[in-house]
Amino acid sequence: MKAIISNKYGTPDVLELQEVTKPIPNDDQILVKIHAASLNYGNLVLLTGKPFLSRFAFGLLKPKYQIPGGDISGTVEAVGKNIQHFKRGDEVFGDLSASGWGGFAEYVTVPEPALVLKPSNISFQEAAAVPMASTTALQSLRKGKITSGQKVLINGASGGVGTFAVQIAKSFGAEVTAVCSTRNVDIVRSLGADDVIDYTKEDFTKSSKQYDLILAVNGYQPISAYKRSLSPNGNYVMVGGSGVQLTEAMVLGPLLSISGNKKMGSFLQRANQNDLMYIKELIEAGKLKPIIDKTFALSEVPNAFRYFEEGHTQGKIVITI
Ligand SMILES: NC(=O)c1ccc[n+]([C@@H]2O[C@H](COP(=O)([O-])OP(=O)(O)OC[C@H]3O[C@@H](n4cnc5c(N)ncnc54)[C@H](OP(=O)(O)O)[C@@H]3O)[C@@H](O)[C@H]2O)c1
């Protein structure tokens, strides 16, 4: 089968399309014929080996997962004898980041908990765009204790995670303010945002308006400014953005949360089958839809990475296998 191979850490130039042996599922695995995959920040970490600490999980000197690719959609081709919930022919999607990666290939073997039946009302390309970014959005909103009627601000609302976060926050009944640049205002509003702040024209931290939950998905604002923008019992959850934003949330967040009722901290997504089932139900109920910016062929994965690295994706980047 064809697969993208990464034998050393580096730039997208290290990636090569190669012919490799098609995997055979063991008793506890499912063989999936992959139709589409998508890119997430975790793919960049696996490609570059940066930040260095990630190498304790991904391999110290070279990537231990040679075929990158976390999010997939496809069709079950074969199942091991211990597999209970899937059969040949099932259409599935999943997040392989906790089970060996391998999504940038024609086939992959995965354990049962990594997969969920694909939502019936979207294409394979759309389904591949969903798992990691949508569960990041869901889990971070839950960490921020989202409830109906809350005022929620999403900073960085137009990328992979942000476009899901806006819609999921709306599905919880929140009043959503989305922060993005001028070119993304319309798309973010079409996803249901009640209010949109164009960060090229206005700094929301300079206004007196406060929010019950702030999700920092992209960009950078000082953590003290975020704290000012939180309502007295508000929660701040740092999902991503600049390295400084991450460091501040990890180091200062717990300190700033000691006095008063404002809580500030960072968050790490984990692949979770139940969460992906919840997302599937939202999609099938018409409450959530993936936004795809561009699609690339398997042979174009290096170019897909180069585009993703620029950091201006509108929604998700999908690889068609
Ligand atoms: N904590 C976790 O477990 C976890 C999991 C997944 C991802 N992440 C992190 O979450 C972040 C977002 O991931 P993603 O996949 O959504 O990234 P992405 O798709 O690459 O985000 C790109 C989007 O961010 C917008 N953006 C760029 N600069 C901005 C700014 N200063 N203010 C507001 N928006 C800005 C861009 O629009 P414009 O350029 O037009 O502004 C673009 O639409 C990344 O930092 C990633 O590392 C964390």
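The values are calculated or read from the model by the stated rules, or taken from the named source; none is laboratory data. These numbers come from a predicted model, not from an experiment. As a convention, Cβ positions derive from the backbone with ideal geometry for all residues, glycine included, and neighbour counts pool all protein chains shown.
What number of residues within region 195-235 satisfy the criterion of being among the small types (Gly, Ala, Ser) and over 20 Å from Arg142 (Cβ atoms)?
Number satisfying all stated conditions: 6.
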Considering only region 102-122, I want to know if a residue exists there that is within 16 Å of the ligand (Cβ to nearest atom) and of a type outside the set (Gly, Ala, Ser). no
Could you tell me whether any residue of region 251-272 is in a helix (DSSP H, G or I), among the hydroxyl-bearing types (Ser, Thr, Tyr) and within 20 Å of Val161 (Cβ to Cβ)?
no
Tell me yes or no: at least one residue of region 7-27 is in a strand (DSSP E or B) and either touching a residue at least 24 places away in the same chain (Cβ under 8 Å) or not assigned by TED's automatic domain parsing to the domain that holds Ala297 (or both). yes
The helices (runs of 4 or more DSSP H) lying wholly within region 39-139 that contain at least 3 residues that are under 16 Å from the mean Cα position of the chain (by Cα), in contact (Cβ under 8 Å) with a residue 24 or more places away in the chain and surrounded by fewer than 22 Cβ atoms within 10 Å (Cβ to Cβ) are 41-48
Per the list (1) more than 27 Å from Val239 (Cβ to Cβ); (2) out of contact with any strand residue (DSSP E or B) (no Cβ under 6 Å at 6 or more places or on another chain), residue check on Pro113 breaks on (1)
Per the filter on region 173-186, residues more than 9 Å from the ligand (Cβ to nearest atom) and out of contact with any Leu (no Cβ under 7 Å at 6 or more places or on another chain) are Gly173, Ala174, Glu175, Val176, Ala178, Val185, Asp186
Of the residues in region 187-222 that are under 23 Å from the mean Cα position of the chain (by Cα) and in a helix (DSSP H, G or I), the one that is farthest from Lys170 (Cα to Cα) is Ile187
Of the conditions (1) on the phi < 0 side of the Ramachandran plot; (2) surrounded by 13 or more Cβ atoms within 10 Å (Cβ to Cβ); (3) more than 13 Å from the ligand (Cβ to nearest atom); (4) in contact (Cβ under 8 Å) with a residue 24 or more places away in the chain, the single one that Met277 does not satisfy is (2)
Filtering region 175-190 for residues that are surrounded by fewer than 24 Cβ atoms within 10 Å (Cβ to Cβ) and within 22 Å of Gln210 (Cα to Cα) leaves a count of 5
Listed by first then second residue, the pairs whose first member lies in region 173-200 and is on the phi > 0 side of the Ramachandran plot, whose partner is more than 9 Å from the ligand (Cβ to nearest atom) and among the hydrophobic types (A, V, I, L, M, F, W, C), with beta carbons under 7 Å and at least 6 positions apart or on separate chains, are Gly192/Val166; Gly192/Val176
